[in-house]
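Only one structure is covered here, and it is reproduced in the block below.
The values are calculated or read from the model by the stated rules, or taken from the named source; none is laboratory data. Owing to the predicted nature of the structure, the values given are computational and were not obtained by experimental measurement. We place every Cβ from the backbone using ideal geometry, glycine too, and count neighbours over all the protein chains shown. In case anyone asks, the SASA skips ligands and DNA or RNA and just uses the protein heavy atoms, side chains included. Shrake-Rupley method; radii C 1.70, N 1.55, O 1.52, S 1.80 Å.
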Amino acid sequence: MYGYLGIDVGSVSTNLVLTGEDGIIKQSIYLRTQGKPIEMVQQGLKQMQAALLDKIKVIGVGTTGSGRHLAGVITGADIIKNEITTHAIAASNVMPGVQTILEIGGQDSKIIILRNGIVADFAMNTVCAAGTGSFLDQQAARLNIKIEEFGSLAMQSSVPVRIAGRCAVFAESDMIHKQQMGYNVPDILAGLCEALVRNYLNNVGKGKEILQPVVFQGGVAANAGMKAAFERALGHPVHVPPYFDVMGALGAAMLAREATNRKGTGFRGFDVADRDFKAGGFACDGCPNVCEVVEILESGQVIARWGDRCGRWSNVLERHEKIS
Amino acid sequence: MSVTVGIPRALLFYYYYPQWKTFFDHLGVKTLVSRETTRGILEKGIKSTVDEACLPVKLAVGHVLDLYDKVDYIFLPRIVSTARREYICPKFLGFPDIVRNNINNLPPLIDYSMDLYRKGSSLYNLFYTVGRQFTHNPARIFMAYKKSIESLRMHCQEMEAGWLPFEAGGNHNHEHRPQSAGVQDVTIAVIGHPYNIYDRHISMNMVKRLWDYGANVVTADHLPENVFRREAGKLPKQLFWTLNQRMVGAAFYYFDRPEVDGLIHVASFGCGPDSMTGELIERFARQGSRKPLLNLTIDEHTGEAGMVTRLEAFMDMVRWRRQLDDVAATYY
């Protein structure tokens, strides 16, 4: 049997998906990136190999997410694509006719508007990371609640507390204030969900025409409280697809299928998981820009470089991933 | 011995440099432009400016710092208004004072006002007072002024012919444009302040990136003045700011043009007028048009990943939409 591998290296999670030739998911793996993207890609590959038992041969690899270039170099990806495109592709395949995708991840949140099956518009949060998964994580930790229990607790609320969602700093002080006034935790959590949804719709969803069917994906979609808050705010049902947390990886696998349509794969095999990869870096002193050049080393040998504006370092390598 | 006047490569440099240079040349005064923005220049500027200032102003201070020990004068005209009944952002107005209060041991600043707000006010006032610093011959100043107007006109013509400010100026410099000119299959309008979109450092080389993705880039500066003024007139009320009027007018125009596939609005974080133009473009200019619009905010961050992701996704989207339109065109 043959299959396609999709890898999504995000700020918070690293996801791997293996699809069959028909695009149906055979195996998915969700790992926390924990600031170690290289190790997590390798760990994910190991787990994937163990789960497959050599029954499926990988004939295409796609990478996405903010660590896509890193993962692409390690695995020898056939396609390296941004996460907006991969999310849109995955959602429109999982739910044909989808018109709006709400996606909230660890460090970014985005809205993708599709019409007739293609992306018609999209927006991403700007420089501020308020209203993303990391903030929910942080607040759950402060209230000493497991992030997995967040959603079910929020669902127990009867009267959500009003919390200012414009800025994460204000939201936090508002929450502390409400908590000291004696409101119970579920109501505060539900209020936080509503504040995030309000913030999302005002900032990311500003001026966008949100039409049904709406798909809600990304790690935060696991939170039932957020789904309920979106449904209340939009006034119509919001669908969370079964593989909501690995949609980026799924899209990457689908793109890999397209990219290897008439040619072989560049996949370097699962044994890259055991090779020694290191990311190094240095500040180039060639000009006052002082670019921070990143080097990826495999067993002491440089296999990729990026981060330099002028190409002085990245261009000297034979095979290089162009990132800047 | 001739004197040297320093001109910072910032703010309205991108519009007026040819004029300023010609004027000083004809007075026999040497000019020195600060070097292209680097991280060092930006960091120096950030360090010596108040926190509330926007990125372009901080950068401009950095450019002044790049010049101040190399020249005898620094040319920082106090730009109040460049057109009748319109203003330029107040930070331009106060810019000479920002510089004076933040930098020690400055060479003398040439900071006479350029104010065309009132009827009958003339650009000549500025140039005459500047010229008097270097010569006592009014005829010479007048001649230099005439030549400078001529070169500004040439500069505008070149831009209207499709060149960008950093390419214009006689030596059409092709090195930054992609070699194979035939591959530009989409046209993207980049709407933003000239000092944001043409500065290679703070825009993270956006124009070059778009060229590399196979896009033909058009900006507000490719339009003659009467066009963007006419288009901006579609707003219910006239905008006060000249530059933003230019941007909104260009957005109106490009949304209507069939050959333009998408627009990118570039705002600097903390810019009041920009936050409003963004809204105006979204609400008014886009009405009735389904063309994709991308809002990008630039600030001090050096991580390029966010910008690259958005531009890539935007280009993917523009191409997909085009394909779909092509399919539709063959069926109907």
Cβ pairs under 6 Å, 6+ apart, first in segment A:185-213 and within 14 Å of chain B (Cβ to nearest Cβ) and more than 9 Å from A:Pro160 (Cβ to Cβ), second open to solvent by 10 Å² or more (accessible area, probe 1.4 Å) and assigned to a loop (DSSP other than H, G, I, E, B): A:Val204/A:Asn125; A:Leu211/A:Gln99
Odd one out for B:Glu304 among (1) within 10 Å of another protein chain (Cβ to nearest Cβ); (2) at pLDDT 80 or above; (3) closer than 30 Å to A:Val290 by Cα; (4) crowded, with 17+ Cβ neighbours inside 10 Å: (2)
Matching option when the condition is within 17 Å of the chain's Cα centre (by Cα), open to solvent by less than 20 Å² (accessible area, probe 1.4 Å), touching a residue at least 24 places away in the same chain (Cβ under 8 Å) and facing chain A (nearest Cβ under 10 Å), among B:Ala220, B:Ala250, B:Ala267: B:Ala267
Every pair of residues 6+ apart whose Cβ atoms lie under 6 Å, when the first sits in segment A:54-71 and is within 14 Å of chain B (Cβ to nearest Cβ) while the second is in a strand (DSSP E or B) and open to solvent by less than 10 Å² (accessible area, probe 1.4 Å): A:Gly62/A:Gly6; A:Thr63/A:Ile7; A:Gly65/A:Val9; A:Gly67/A:Val9; A:Ala71/A:Ile7; A:Ala71/A:Val9; A:Ala71/A:Thr63
Helices (runs of 4 or more DSSP H) fully within segment B:76-143 counting 3 or more residues that are of a type outside the set (D, E, K, R) and in contact (Cβ under 8 Å) with a residue 12 or more places away in the chain: B:95-102, B:123-132
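Report yes if some residue within segment B:41-49 is assigned to a helix (DSSP H, G or I), closer than 19 Å to B:Asp111 by Cα, hydrophobic (A, V, I, L, M, F, W, C) and touching a helix residue (DSSP H, G or I) at 6+ places or on another chain (Cβ under 8 Å); otherwise report no.
Initial filter on segment B:41-49 (assigned to a helix (DSSP H, G or I)): B:41-47.
Still in the running and closer than 19 Å to B:Asp111 by Cα: none.
No, every residue in segment B:41-49 fails to be assigned to a helix (DSSP H, G or I), closer than 19 Å to B:Asp111 by Cα, hydrophobic (A, V, I, L, M, F, W, C) and touching a helix residue (DSSP H, G or I) at 6+ places or on another chain (Cβ under 8 Å).
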For A:Gly97: the one exception among (1) touching a residue at least 12 places away in the same chain (Cβ under 8 Å); (2) not in a loop (DSSP other than H, G, I, E, B): (2)
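Please find, among B:Asn125, B:Asn102, B:Asn137, the residue that is in the same structural domain as B:Phe13 (by TED's automatic domain parsing), surrounded by 14 or more Cβ atoms within 10 Å (Cβ to Cβ) and more than 18 Å from B:Gln19 (Cβ to Cβ). Write out each step before concluding.
Working: B:Asn125 fails: more than 18 Å from B:Gln19 (Cβ to Cβ); B:Asn137 fails: surrounded by 14 or more Cβ atoms within 10 Å (Cβ to Cβ).
So the residue among B:Asn125, B:Asn102, B:Asn137 that is in the same structural domain as B:Phe13 (by TED's automatic domain parsing), surrounded by 14 or more Cβ atoms within 10 Å (Cβ to Cβ) and more than 18 Å from B:Gln19 (Cβ to Cβ) is B:Asn102.
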Qualifying positions in segment B:181-201 - aliphatic (A, V, I, L, M) and open to solvent by less than 10 Å² (accessible area, probe 1.4 Å): B:Val186, B:Ile188, B:Ala189, B:Val190, B:Ile191, B:Ile197
Selected residue (only one of A:Ile104, A:Ile118 is within 14 Å of chain B (Cβ to nearest Cβ) and under 24 Å from A:Gly23 (Cα atoms)): A:Ile118
Subset of segment A:38-78 [under 30 Å from A:Lys110 (Cα atoms) and outside any helix (DSSP H, G or I)]: A:Gly60, A:Val61, A:Gly62, A:Thr63, A:Thr64, A:Gly65, A:Ser66, A:Gly67, A:Gly76, A:Ala77, A:Asp78
